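Here's the structure, in structure tokens; my notes come after.
The values are calculated or read from the model by the stated rules, or taken from the named source; none is laboratory data. No experiment lies behind these values; they were computed from the predicted model shown. Positions of Cβ are generated from backbone atoms using ideal geometry, with glycine treated the same way; all protein chains shown enter the neighbour counts.
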Amino acid sequence: MAMFFYVRVSAFDQHLDRQLIAASGHGIPSENVFTEKLSGKDTKRPELQRLMMATQSGDSVIVESISRFARNTRDLLDLVEKLNTIGVEFISLKENIDTTTPTGKFMLTVFGAVAELERGYLLQRQTEGIAAAKLRGVRFGRPMKRTFIITLSLLMMLALVACASESSDSAEVARLRAELDALRRESDDSKSSPDAETQEPESTAPSVFRDSLPPPSATASEPTPSAAPIPTPEPEVWTIRYYVDSFRQETDEAYIVNEDDFIGVFSNSATTNSRLDARLLVDKDDIAIILFEYGRNMVQNSSSRNSVSYAIVMRTEDDTRTEMTGSIPPGANRILVDSRHHSRVISALSGTGTIDFYIVQTDRTTTNYLFQVTAGNFSDIYESFR
């Protein structure tokens with residue numbers, strides 16, 4: 001009697017860690033763990049076929065969730081029927097299903113149908129949400145470069161000054177000229193900066209991240225009290241992408257990620273306040289933080305046995321601090337935020353302004369990471385993603 005564990009994700013850039021931890025927790029040896037990164041849209045999967053051929057009467061096949069075994073009810077029931085025919089037990093941990101009992105067989109059918117229906121609804125909501133977002137004017141794709149936006153603003157301001165001059169409105173001309181001068185100074189600063197194309201506009205909100213950076217330039221002009229506030233659209237920071245299968249083809253499993261890396265700093269025993277690039281990935285199961293030291297060296301866990309734990313402090317613009325925990329599983333390359341904190345993170349990202357993340361490796365307190373996230377269009381994207 002042997003126990004086997006089947007592990008599957010849909011794409012190469014998805015991680016197997018959660019399922020592998022579940023397999024390890026049941027004491028299943030690595031040679032009995034079958035893993036693959038392929039879409040579950042059908043049963044033509046090499047490792048699945050190897051698993052089916054390796055089992056014999058009295059064995060057990062365990063999965064973390066029935067969605068890992070099959071993506072539609074017909075395939076799920078066919079596979080389980082083949083196992084039961086040769087006397088193999090099928091167990092799903094998430095749904096607590098054991099097919100050796102009549103109740104387990106009934107529940108398998110119910111959960112399989114519900115999972116397939118839920119997947120269909122998800123795809124429908126994604127399609128409808130994206131269409132609705134486009135109707136509201138949300139643009140998908142890479143945002144314009146900052147220097148281009150400044151240049152466009154200069155041209156528009158020049159046109160407004162010309163129109164006001166013709167109407168002999170001296171107060172309006174003075175106000176527009178003041179704003180035009182401020183734009184020119186910002187344009188000059190942007191052109192003289194070596195990283196002009198990649199710098200993010202600096203937020204004026206107080207934050208632990210901002211406190212660690214140089215103060216803003218003293219040349220910025222003061223706003224004129226009579227100037228009418230101009231509504232600013234949320235920056236297009238976030239986008240929806242889809243995981244790919246082994247043939248690099250898009251699957252129907254999507255995730256939210258920032259278009260361009262968030263820039264921060266990191267420190268350890270060898271360096272202080274060196275450049276950090278950060279990505280935040282949100283899918284239906286996980287919230288992951290991916291870090292690149294010096295902008296290129298991905299933070300990873302080189303251990304094949306132990307997880308690396310982190311303490312995470314999230315701070316929003318209203319100075320609300322949330323203390324969280326996370327970890328990088330063995331052999332993985334991203335910090336998974338513990339699931340009990342997911343709703344707090346989603347709520348913060350669905351607001352406005354900036355959010356600070358301060359991360360400390362718990363067993364090496366000299367290693368810490370600090371970066372700032374812009375909420376931007378996350379709320380619109382998340383509505384279409386749910």
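Structure data summary
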quantity: Residues located in region 33-47, provided they are of a type outside the set (S, T, Y) and surrounded by fewer than 19 Cβ atoms within 10 Å (Cβ to Cβ); calculated: E36, K41, D42, K44, P46, E47
quantity: Unmet criterion (only one of (1) under 29 Å from L336 (Cα atoms); (2) small (G, A, S); (3) touching a Ser or Thr at 6+ places or on another chain (Cβ under 8 Å)) for S67; calculated: (3)
quantity: Checklist (1) out of contact with any strand residue (DSSP E or B) (no Cβ under 6 Å at 6 or more places or on another chain); (2) over 14 Å from L336 (Cα atoms) applied to D285, failing item; calculated: (2)
quantity: Among the candidates L349, L281, L370, residue that is within 17 Å of D17 (Cβ to Cβ) and in contact (Cβ under 8 Å) with a residue 12 or more places away in the chain; calculated: L281
quantity: Residue in region 34-50 that is more than 25 Å from V110 (Cα to Cα), of a type in the set (K, R), part of a helix (DSSP H, G or I) and touching a strand residue (DSSP E or B) at 6+ places or on another chain (Cβ under 7 Å) present; calculated: yes
quantity: Strands (runs of 3 or more DSSP E) wholly inside region 239-344 containing at least 3 residues that are polar (S, T, N, Q); calculated: 321-328
quantity: Filtered residue count, region 358-378, keeping only those that are surrounded by 18 or more Cβ atoms within 10 Å (Cβ to Cβ) and either outside any strand (DSSP E or B) or under 14 Å from the mean Cα position of the chain (by Cα) (or both); calculated: 7
quantity: Boolean, E222 is out of contact with any Leu (no Cβ under 8 Å at 6 or more places or on another chain), modelled with pLDDT under 90, surrounded by fewer than 18 Cβ atoms within 10 Å (Cβ to Cβ) and over 21 Å from P329 (Cβ atoms); calculated: yes
quantity: Enumeration of residues in region 56-103 that are over 31 Å from the mean Cα position of the chain (by Cα), surrounded by fewer than 19 Cβ atoms within 10 Å (Cβ to Cβ) and part of a loop (DSSP other than H, G, I, E, B); calculated: Q56, S57, G58, D59, I86, G87, T100, T101
quantity: Only listed residue being without any contact (Cβ under 8 Å) to a residue 40 or more places away in the chain, of a type in the set (A, V, I, L, M, F, W, C), in the same structural domain as S350 (by TED's automatic domain parsing) and touching a helix residue (DSSP H, G or I) at 6+ places or on another chain (Cβ under 9 Å), chosen from M298, M314, M324; calculated: M324
